[in-house]
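Notes follow once the structure below has been shown.
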Amino acid sequence: MKNKRSAILLVESKDLSVEEISDIIGQHPDRFRRKGDTGLPPARPLKVNVWEVREDVAREEYLGLALERLWPRILPLERGLAELAQRGSFIQLSLVQWISEADPHQPGFGLGAQELRFLAGINAQMDVDQYAP
């Protein structure tokens, strides 16, 4: 899906393999990349292992829909994610949104108190990338 809207929970670790991250979290990733992999720009070898759970929706759909689908998948993983954070892993909620005048839902999204507590509890950062066509 090109130019999609995405909500992604990302874990990066220099020391733990993708399999070790999955064991601690108790879930396999939707997508992963290993230390040394190339392929996604920039084409430099990765210095970390990357573990992702993600929800993508079409460019015309509300970004909140991707978040609504992601939260039930990641909220139960809080204990394992908190352990990873304590062990030095980097955790981030990454949101990707394409904005246009034709956007039927107005640009934007919302996070509730439960979701904010969850992100704080796993020491996660949040990154929002917004693009215009």
Expressed in nm to one decimal, what extension gain is obtained for the pair LYS14 and ALA85 from 0.36 nm per residue of sequence separation less their Cα-Cα distance?
24.3 nm
Over the chain, with neighbouring protein chains present, the accessible area per residue in Å² at probe 1.4 Å is 57 Å²
If each K or R counts +1 and each D or E counts -1, the residues other than ASP30 whose Cβ falls under 14 Å of its Cβ total +3
Any idea what angle helix 63-74 forms with the longest principal axis of the chain, computed on alpha-carbon atoms, 0 to 90 degrees, nearest 10?
30 degrees
Report the residue, chosen from ARG59, ARG117, ARG34, that carries the largest GNM mean-square fluctuation when the chain is represented by alpha-carbon nodes joined by springs under 10 Å.
ARG117
Rounded, prolate or oblate for segment 67-133? Axes are the square roots of the Cα gyration tensor eigenvalues, ordered a ≥ b ≥ c, and the cut-off for rounded is a/c under 1.5.
prolate
Carbon and sulfur %, accessible surface of segment 4-117 computed with the full protein complex present, 1.4 Å:
49 percent
What nm value, rounded to one decimal, do you get for the distance between GLN106 and GLN130 when each label is placed 7 Å out toward the C-beta?
1.2 nm
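The values are calculated or read from the model by the stated rules, or taken from the named source; none is laboratory data. Given the structure is predicted, the values throughout are model-derived calculations rather than measurements. Glycine gets a Cβ as well: all are built from the backbone with ideal geometry, and neighbour counts include every protein chain shown. For accessibility, only protein heavy atoms count, side chains too; no ligands or nucleic acids. Shrake-Rupley method; radii C 1.70, N 1.55, O 1.52, S 1.80 Å.
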